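Chemist: Okay, handing you the structure first.
The values are calculated or read from the model by the stated rules, or taken from the named source; none is laboratory data. Small disclaimer: the values here were computed from a predicted structure and weren't measured. Heads up, the Cβs are rebuilt from the backbone with ideal geometry, glycines too, and the neighbour counts pull from every protein chain shown.
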Amino acid sequence: MKRTRKSDRILLQGSEACVRGALIAGCRFYAGYPITPATEIMEQMSRQLPKAGGVFIQMEDEIASLGAVIGASLTGLKSMTATSSPGFSLMQEHISFACMAEVPCVIVDVMRGGPSTGLPTLPAQGDVMQARWGAHGDHPIIVLCPSSTYEFFDLTIKAFNLSERYRIPVILLTDEVTAHTRESVILPPSDELVVEERRKPNVPPEWYTPYDDRQTGVPPMPAFGEGYRYHVTGLAHDIRGYPTTRSDEVGTLIDRLFSKISKDFHLLQWFDSYQADDSVVTIIAYGSVARSALHAVKEAREKGLKVGLIKLKVLWPFMRHTVIRFLQSSAKVLVPEMNMGQLSREVKRVSQGGCEIVTLNKVDGTMISPKEILRSLEDIYP
Amino acid sequence: MKEREHLIYKYLRSSKRFPHIWCPGCGIGILLGALIRAIDGGGYGKDDVVLISGIGCSGRLPTYVDFNTLHTTHGRALTFATGIKLANPSLKVIVVMGDGDATAIGGNHFIHAARRNIGITSIIINNQTYGMTGGQFSPTTPFGLKTSSSPHGNLESPFDICGLAREAGATFVARSTVYHARLLEEIIGMAIGKEGFSVVEVVSHCTTYFGREIGLESPVEMMKWQRDNAVRVEKAKDLGEEELRQKIVIGVLVDRKAPAYHEMYEKLIAKCRLEDNAL
Ligand SMILES: Cc1ncc(C[n+]2csc(CCOP(=O)(O)OP(=O)(O)O)c2C)c(N)n1
Ligand code: SF4
């Protein structure tokens, strides 16, 4: 039996945990541009990656960073970038490209207060909708959201796994508090962690059809230089990768881009629940706000209020089935967010009026405190 | 002729549904021919070449040829190429861009790729206009010209692409027109052979838009214009500044040695690993 010793505990910043997770997941390429509060990830990478035989490059802007990441991924390296809200805006065109050309990559957005240059050093959750809909065109996307140092580590590995499995950009949407907090954590030994590799073609090059999906909806992907010479484009393309405007071919492509994710929605219901089985009022929260919420739930329970918490770790695709389950069993749902109400819209959408949804919003650069959530719980408790 | 047919079968994609998208008489096809001959002449394996483009008429070029090919976003081709070169430095990375692609929306990436001296060959098809979107003025359109988006005359002065590349740090810079197809093939071959950032500016003609805007109605007239206005770099020395301004100087303009970014990076990895092992 393995026992954790006191010495296995380490003090780690959220950003450092992300970098550790990325390296364990096999990330060997990082391109980025400095921006508070995401710079720590870049600086760590500049130290660690060359030692691991990987590539670090500081590019001239965020557009270039994601371009380089996509290029490296097409050449076979697991690749990532990290930025904060304004830089994330600049990346949107290339996120759209990576969706269309099905290039695996991981993008960290450490959200800061906005709009515009906003509050560079203060937390916010204003990019929830940008992460979903910021890139042009109808596209599927996966967005994960850690709330602690340990989760940042864990979800970074999972982000790479999902990205490789589905050939899709995966966004790690976090906030200044989660990225900067130092916590003592025990990381699991690497042999206990699951790391997925990209599926490569097992047919000879002359038989390879790059965007044919007969088996899984996710075609196997060779690296440039491995003998499978094929064409990659952001234009709508046929199964060989060549531009097409034929409606049957375009329709098939876009349908597949969506269905490769939607067929696995049930595998993406990642959440933690705390005392939510019998709760009359349930909080739905994510990121650092979920930690304040947990505190508030504990205090409220001590006061005899039957309240609970659902902490979402996947924001997109929205965990409809999970959320509906708790909406049905609760009289009211409270959604606290450091924005003007972005995820709460989604909760209202799936609730369709069936449950009263109460919002608690804050956009002044300060965290939502446990006290504020507790007050809100007491106010709305039936 | 035989040789040309052989190259067509060897490099054009039989799986691609032709025809191509270019207008009859467009100069881009001549560049494609020169590029294929240069790659073939250099003896590079098809698997070892990655051909990348941005968006525009020029951006469609890689689609038709049998290499690893990547059609990226408008202006950003060099950023993708940077990732590819660093991920696998043994690949020959060639980027084809339009003048708008490379020096307007992609100008920042262009100067920084040159400054880094990363091992990428940039081929810029300078047709002095935005072809794909319908003949608007570009950063290389002559001052005063009336175009579809400068109906009262262009108020901006054109870039000298080669000058820009030289000052930004490119270690090989050359220019040709598509009329001088042999020279074009030769300088592309030289550029691909270099380790650092190499630039080939290809003065080409967009008959459909730019030709109409400057009053040269046919591809033949436009190519004659190229012939009559080009001057070899060796001869250019004898001309005065004013005379030169009207001319297209062709040939190799810069050829110097400097450490390439990807080479320095490989050394850095080796050093870091050595230090790590020493601990
Ligand atoms: C971000 C973005 N902005 C604008 C466009 C529209 N657009 C497509 S091609 C092009 C200009 C092409 O001109 P150039 O780069 O000179 O290439 P050419 O077509 O002349 O070969 C523009 C503006 C685009 N595709 N993407
Ligand atoms: S529009 Fe101009 S540049 Fe484009 S294909 Fe036609 S002639 Fe060539």
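Chemist: Can you tell me which of A:298, A:263, A:313 is farther than 28 Å from residue B:47 by Cα and not assigned by TED's automatic domain parsing to the domain that holds residue A:333?
Modeler: A:263
Chemist: Scan the stretch A:72-89 and tell me whether some residue there is aromatic (Phe, Trp, Tyr) and either more than 21 Å from residue A:176 (Cα to Cα) or surrounded by fewer than 24 Cβ atoms within 10 Å (Cβ to Cβ) (or both).
Modeler: no
Each row is one residue, and each column tells you yes or no for (1) crowded, with 21+ Cβ neighbours inside 10 Å; (2) in contact with a helix residue (DSSP H, G or I) (Cβ under 9 Å, 6 or more places away or on another chain); (3) within 14 Å of chain B (Cβ to nearest Cβ); (4) assigned to a strand (DSSP E or B).
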| site | (1), (2), (3), (4) |
| --- | --- |
| A:245 | no, no, yes, no |
| A:248 | no, no, no, no |
| A:272 | no, yes, no, yes |
| A:279 | yes, yes, no, no |
| A:282 | yes, yes, no, yes |
| A:293 | yes, yes, no, no |
| A:296 | yes, yes, no, no |
| A:300 | yes, yes, no, no |
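Chemist: If you check residue A:141 against the conditions, is it β-branched (Val, Ile, Thr) and outside the structural domain of residue A:128 (by TED's automatic domain parsing)?
Modeler: no
Chemist: Among the residues of the stretch B:1-23 satisfying the criterion of being within 14 Å of chain A (Cβ to nearest Cβ), over 21 Å from the mean Cα position of the chain (by Cα) and in a loop (DSSP other than H, G, I, E, B), which is nearest to ligand 2 (Cβ to nearest atom)? Outline the logic, then answer.
Modeler: Here is the first cut: in the stretch B:1-23, the ones within 14 Å of chain A (Cβ to nearest Cβ) are B:10-22.
Filter once more, so that each one left must be over 21 Å from the mean Cα position of the chain (by Cα): B:10, B:13-19.
From what's left, in a loop (DSSP other than H, G, I, E, B): B:13-19.
Values: B:13: 19, B:14: 23, B:15: 22, B:16: 17, B:17: 18, B:18: 15, B:19: 12 Å.
By that ranking, first place goes to B:19.
Chemist: Moving on. Which pairs have Cβ atoms under 7 Å, sit 6 or more apart or on different chains, and link a residue in the stretch A:235-257 that is in the same structural domain as residue A:136 (by TED's automatic domain parsing) to one that is surrounded by fewer than 16 Cβ atoms within 10 Å (Cβ to Cβ)?
Modeler: Note: no pairs meet the criteria.
Chemist: Oh, and also: May I ask you to say which residue of A:89, A:84 is at negative phi, more than 14 Å from every other protein chain (Cβ to nearest Cβ) and out of contact with any Ser or Thr (no Cβ under 8 Å at 6 or more places or on another chain)?
Modeler: A:89
Chemist: Could you tell me whether any residue of the stretch A:45-62 is away from every other protein chain (no Cβ under 14 Å) and surrounded by fewer than 24 Cβ atoms within 10 Å (Cβ to Cβ)?
Modeler: We begin by selecting, within the stretch A:45-62, every residue away from every other protein chain (no Cβ under 14 Å); these are none.
No, that holds for no residue.
Chemist: Do you know which residues across the stretch B:7-64 are farther than 20 Å from residue A:224 by Cβ, of a type in the set (Val, Ile, Thr) and more than 13 Å from ligand 1 (Cβ to nearest atom)?
Modeler: Once the filter is applied, which keeps residues that are farther than 20 Å from residue A:224 by Cβ, of a type in the set (Val, Ile, Thr) and more than 13 Å from ligand 1 (Cβ to nearest atom), the stretch B:7-64 yields B:8, B:30.
Chemist: Kindly indicate whether any position in the stretch B:119-132 is farther than 18 Å from residue B:212 by Cβ, within 14 Å of chain A (Cβ to nearest Cβ) and more than 15 Å from ligand 2 (Cβ to nearest atom).
Modeler: yes
Residues checked against (1) at the interface with another protein chain (Cβ under 10 Å from one of its Cβ atoms); (2) without any contact (Cβ under 8 Å) to a residue 40 or more places away in the chain:
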residue: B:44; (1), (2): no, no
residue: B:64; (1), (2): yes, no
residue: B:77; (1), (2): yes, yes
residue: B:101; (1), (2): no, no
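Chemist: On to the next question. Among the residues of the stretch A:8-22, which ones are within 12 Å of residue A:155 (Cβ to Cβ) and either outside the structural domain of residue A:183 (by TED's automatic domain parsing) or of a type in the set (Gly, Ala, Ser) (or both)?
Modeler: A:14, A:17, A:21, A:22
Chemist: Could you list, in sequence order, the residues of the stretch B:215-241 that are crowded, with 19+ Cβ neighbours inside 10 Å and either farther than 30 Å from residue B:93 by Cα or at pLDDT below 95 (or both)?
Modeler: Correct list: B:219, B:222.
Chemist: Could you tell me which residue of the stretch A:204-227 is nearest to the chain's Cα centre (by Cα), considering only residues that are away from chain B (no Cβ under 14 Å) and at pLDDT 95 or above?
Modeler: So the residue we want is A:218.
Chemist: Within the stretch A:35-42, is there a residue that is surrounded by fewer than 24 Cβ atoms within 10 Å (Cβ to Cβ) and of a type in the set (S, T, N, Q)?
Modeler: Yes.
Chemist: Let me ask something additional. Could you say whether any residue in the stretch B:137-150 is away from ligand 1 (no atom under 13 Å from the Cβ), more than 27 Å from residue A:64 (Cα to Cα), touching a Leu at 6+ places or on another chain (Cβ under 8 Å) and free of Cβ contacts under 8 Å to residues at least 60 places away in the same chain?
Modeler: Initial filter on the stretch B:137-150 (away from ligand 1 (no atom under 13 Å from the Cβ)): B:142-146, B:150.
Right, trim to more than 27 Å from residue A:64 (Cα to Cα) and you get B:142-146, B:150.
Going one step further and asking which of them are touching a Leu at 6+ places or on another chain (Cβ under 8 Å), we end up with B:143.
Then drop every residue that is not free of Cβ contacts under 8 Å to residues at least 60 places away in the same chain, which leaves B:143.
Yes, the conditions are met somewhere in the stretch B:137-150.
Chemist: Just checking, which of B:173, B:249 is touching a residue at least 40 places away in the same chain (Cβ under 8 Å), away from chain A (no Cβ under 14 Å), touching a Leu at 6+ places or on another chain (Cβ under 6 Å) and away from ligand 2 (no atom under 16 Å from the Cβ)? Reasoning before the result, please.
Modeler: Numbers: B:249 fails: touching a Leu at 6+ places or on another chain (Cβ under 6 Å).
Only one candidate qualifies: B:173.
Chemist: Within the stretch A:164-215, which residues are crowded, with 23+ Cβ neighbours inside 10 Å and acidic (Asp, Glu)?
Modeler: A:164, A:175, A:176
Chemist: Follow-up. Collect the residues in the stretch B:265-274 that are modelled with pLDDT under 90 and more than 8 Å from chain A (Cβ to nearest Cβ), keeping them in residue-number order.
Modeler: Restricting attention to the stretch B:265-274, the residues satisfying the condition of being modelled with pLDDT under 90 are B:273-274.
B:274, the sole residue that qualifies.
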